[in-house]
Amino acid sequence: MGQQQLLLLVLGVVIVGLGTAVGIQSFAEGQLKNKRDQTQQLMIDIAAKAQAWKLMPQIMGGGANNDDDDYSAFTFANAGLGPTFDQGGNEVLQRTSYSCIKAFPTTTGLRLNALDENCTSGSWTMSLEVTGPGEDGLTWSYRSRGGSPPRGGHAKRRRRPERVAAFMRLGPGG
């Protein structure tokens, strides 16, 4: 009888240990997904503000001109966001403790990169390209955390019009 009870006790400890390990792993994955979702929401908010700035007449401080995709004069300050600066003096927006957003305005659009918490150049995991007003002017790109593109050799690009459209209808607070 003693060996059977000892075996059941060891089996119970192993099952509880495995359950604890799985629970910790699930919590860590959920936390990472939450951070990604918050960063993505922040990028959508910045893109919406950039598009609003682009549609505002220049006389009112906006960036409206003949080219719908010319965002070369865009800065976070123009969109009413409080920028900070990295070690190189480049404007970044660090709103979270786990990532920062860097803008690359050009005459052909605006690219927003989500960098790591240290704003390390080249550490982006997701990117949002703004090429014009509305949801059709938004394109997402993703790559793995290590800095290399995912399987297939190139960054995955896809549009998320349903999420962007819902954001445009509801606004950032809704």
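The values are calculated or read from the model by the stated rules, or taken from the named source; none is laboratory data. Just so it is clear, the model here is predicted, and its values are computed rather than measured. Quick reminder, even Gly has a Cβ in these numbers, built from the backbone with ideal geometry, and neighbours come from all protein chains shown. Ligands, DNA and RNA are excluded from the accessible area calculation, which covers all protein heavy atoms including side chains. Shrake-Rupley method; radii C 1.70, N 1.55, O 1.52, S 1.80 Å.
Here are a few things to note about the model shown:
- Test: residue in the range 52-75 that is in contact with an Asp or Glu (Cβ under 9 Å, 6 or more places away or on another chain), within 25 Å of Asp116 (Cα to Cα) and not in a helix (DSSP H, G or I): yes
- So Ala73, is it open to solvent by 60 Å² or more (accessible area, probe 1.4 Å) and of a type in the set (Gly, Ala, Ser): yes
- Every residue from the range 122-142 that is in a loop (DSSP other than H, G, I, E, B) and more than 15 Å from Gln40 (Cα to Cα): Gly122, Ser123, Thr131, Gly132, Pro133, Gly134
- All positions within the range 117-166 that are at pLDDT below 75 and aliphatic (A, V, I, L, M): Ala155, Val164, Ala165, Ala166
- In the range 37-52, the residues that are under 15 Å from Arg111 (Cα atoms), without any contact (Cβ under 8 Å) to a residue 40 or more places away in the chain and hydrophobic (A, V, I, L, M, F, W, C): none
- Listed conditions (1) under 16 Å from Thr131 (Cα atoms); (2) at pLDDT 85 or above are all met by Gln41, apart from (1).
- Within the range 9-36, residues that are surrounded by 10 or more Cβ atoms within 10 Å (Cβ to Cβ) reach no partner that is assigned to a helix (DSSP H, G or I) with beta carbons closer than 6 Å at six or more positions or on different chains.
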